[in-house]
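The values are calculated or read from the model by the stated rules, or taken from the named source; none is laboratory data. In this text, all values refer to a predicted model and were calculated from it rather than measured experimentally. As a convention, Cβ positions derive from the backbone with ideal geometry for all residues, glycine included, and neighbour counts pool all protein chains shown.
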Amino acid sequence: MSASAFGPAAEPIVVDVWSDVVCPFCYLGDSVLRQAIEQFPHAGAVRVRYHSFQLNPGFPAGEAIKADEYLARNHRMPIAQVEASHAQLSSRGAEAGLDYRFADALMVNTLDAHRLIHFAKAAGREHDMVMRLFKAEFTDGLNLADHEVLAGLAAELGLSREGAAEALAAGAFEAEIQTDLAQARQYGISGVPFFVFDGKRAVSGAQPVETFRRALDLSWQDRAAQPA
């Protein structure tokens, strides 16, 4: 059967997302993207793929400190400024159904969390794992550098706790992570979230839902304009 039999979206609109699980804007951006897809008349023709990005790759592996303390110390942000930013984000997040509890959030090296996302991807649970990690960070206040915590999150999703623990202990999916990071450098990505629609249009940051809808609409129009 020819591709044209399925109309302009015989191949899905692919949205590539670079994000990090300790990035509150990434959590918000992902949720707003999901809202845009739900509003999109051709939602079933959209595929979202996640790619690893580390905001703080030099953070000591295995350590964890309060995220507020990290921001104040390493970015020299006054506590009042941090709290004001968090209040604004909490308000936007609530509109998207998110429960930010910034006082409990921890800063960690996220490399192992990205390994867990790739582990879940192999089982077709990539998005579920991304969202569970965001909730673990920003609502539950869990330590995402702790292998026991990460393996427990895998088990919550019905994945193998033992398999996840083994993958983390072995440093699995290093090649996949490095491929993601290299592609980010090729695109010139220096901050996240970063969204690329069909390899043509980029949206940077947690933009309003209308921005994502426009990118989806234009991507669909591109498909419709292609010869059958």
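Out of all the residues in segment 55-65, is one or more of a type in the set (Val, Ile, Thr) and surrounded by 15 or more Cβ atoms within 10 Å (Cβ to Cβ)? No - not one qualifying residue is present in segment 55-65.
Quick grid of which residues meet (1) at pLDDT 95 or above; (2) surrounded by fewer than 19 Cβ atoms within 10 Å (Cβ to Cβ); (3) within 15 Å of the chain's Cα centre (by Cα); (4) outside any helix (DSSP H, G or I):
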| residue | (1), (2), (3), (4) |
| --- | --- |
| ALA169 | yes, yes, no, no |
| ALA172 | yes, no, no, yes |
| ARG185 | yes, yes, no, no |
| VAL196 | yes, no, yes, yes |
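Cβ-Cβ contacts under 6 Å between residues 6 or more apart (or on different chains), taken from a first residue in segment 105-117 that is free of Cβ contacts under 8 Å to residues at least 12 places away in the same chain to a second residue that is hydroxyl-bearing (Ser, Thr, Tyr) and crowded, with 23+ Cβ neighbours inside 10 Å, are absent.
Checking every residue in segment 69-85 against the condition of being in contact with a helix residue (DSSP H, G or I) (Cβ under 6 Å, 6 or more places away or on another chain), buried (at least 18 other Cβ atoms within 10 Å of the Cβ) and under 17 Å from PHE134 (Cβ atoms) gives zero matches. Just a yes or no: is a residue in segment 45-55 over 29 Å from ARG115 (Cβ atoms) and in contact with a Phe, Trp or Tyr (Cβ under 9 Å, 6 or more places away or on another chain)? Within segment 45-55, one or more residues are over 29 Å from ARG115 (Cβ atoms) and in contact with a Phe, Trp or Tyr (Cβ under 9 Å, 6 or more places away or on another chain). Only a single criterion out of (1) closer than 26 Å to LYS121 by Cα; (2) assigned to a loop (DSSP other than H, G, I, E, B) is not satisfied by VAL17, namely (2). Mind checking whether some residue in segment 69-90 is in contact with a strand residue (DSSP E or B) (Cβ under 9 Å, 6 or more places away or on another chain), basic (Lys, Arg) and part of a strand (DSSP E or B)? No, segment 69-90 has no match at all. Of all residue pairs spaced 6 or more apart or on separate chains, those with beta-carbon atoms under 6 Å, a first member in segment 49-71 that is touching a residue at least 24 places away in the same chain (Cβ under 8 Å) and over 15 Å from ASN143 (Cα atoms) and a second member that is charged (D, E, K, R) and part of a loop (DSSP other than H, G, I, E, B) are PHE53/ASP20; GLN54/ASP20; LEU55/ASP20. Just one of the listed residues (VAL22, VAL82) is under 16 Å from the mean Cα position of the chain (by Cα) and among the hydrophobic types (A, V, I, L, M, F, W, C), and it is VAL22.
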